[in-house]
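Peer 1: Shown below is the structure under consideration.
The values are calculated or read from the model by the stated rules, or taken from the named source; none is laboratory data. Quantities reported herein were computed from a predicted structural model and do not represent experimental measurements. A quick note on method: Cβ atoms are made from the backbone with ideal geometry, for glycine too, and the neighbour counts reach across all protein chains shown.
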Amino acid sequence: MADTMQFDLVSPERMLMSTKAAEVQIPGADGDLTAMPGHSALITTLRPGILKVVADGQTVEFAVTGGFAEVSPEGVTVMAERSLPRGELTGSVMKDWVAEARQAHAEAHPTVADEAAKLLADMVAMGTHIGLDSGE
């Protein structure tokens, strides 16, 4: 079995990373998971959280707001709704993301209000987890 796999992270704005990785920790909608070379194939939706990529002995972190990940034995492709390297996620950006989630929740049709509330809670939790004030 190979020691690394191909990893690609893209958002609508840009390709954020393309590298050979030893593991990828994914904030899946049904729980966190770690993909490694040879992992069984699966597709999962993402929840707001921190995506971690271990490559060349270093861990690189990205904030993601949603999207999906496709995992195969050969690699992982993440298509993020929005993503930033952890170092670029400032308190101001976090406040904007939480404000957008709050607005989506307020405008949500009652049948999707629970999903919007979960999105908002996950967004606030991500900011708290990495030590950024979301304006709560």
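Peer 1: Among the residues of segment 78-133, what is the count of those that are modelled with pLDDT under 90, over 14 Å from G49 (Cα atoms) and either aromatic (F, W, Y) or part of a loop (DSSP other than H, G, I, E, B) (or both)?
Peer 2: 3
Peer 1: Mind listing whichever residues of segment 3-29 are surrounded by 15 or more Cβ atoms within 10 Å (Cβ to Cβ) and of a type in the set (D, E)?
Peer 2: Passing the criteria: D8, E23.
Peer 1: Turning to a different aspect of this structure: Exactly one of these conditions fails for G57: (1) among the small types (G, A, S); (2) surrounded by 20 or more Cβ atoms within 10 Å (Cβ to Cβ); (3) out of contact with any strand residue (DSSP E or B) (no Cβ under 9 Å at 6 or more places or on another chain); (4) within 29 Å of Q6 (Cα to Cα). Give me its number.
Peer 2: Status for G57: all satisfied but (2).
Peer 1: Can you tell me which residue in segment 7-31 is farthest from E88 (Cα to Cα), limited to those that are assigned to a strand (DSSP E or B) and among the acidic types (D, E)?
Peer 2: Top of the filtered list is E23.
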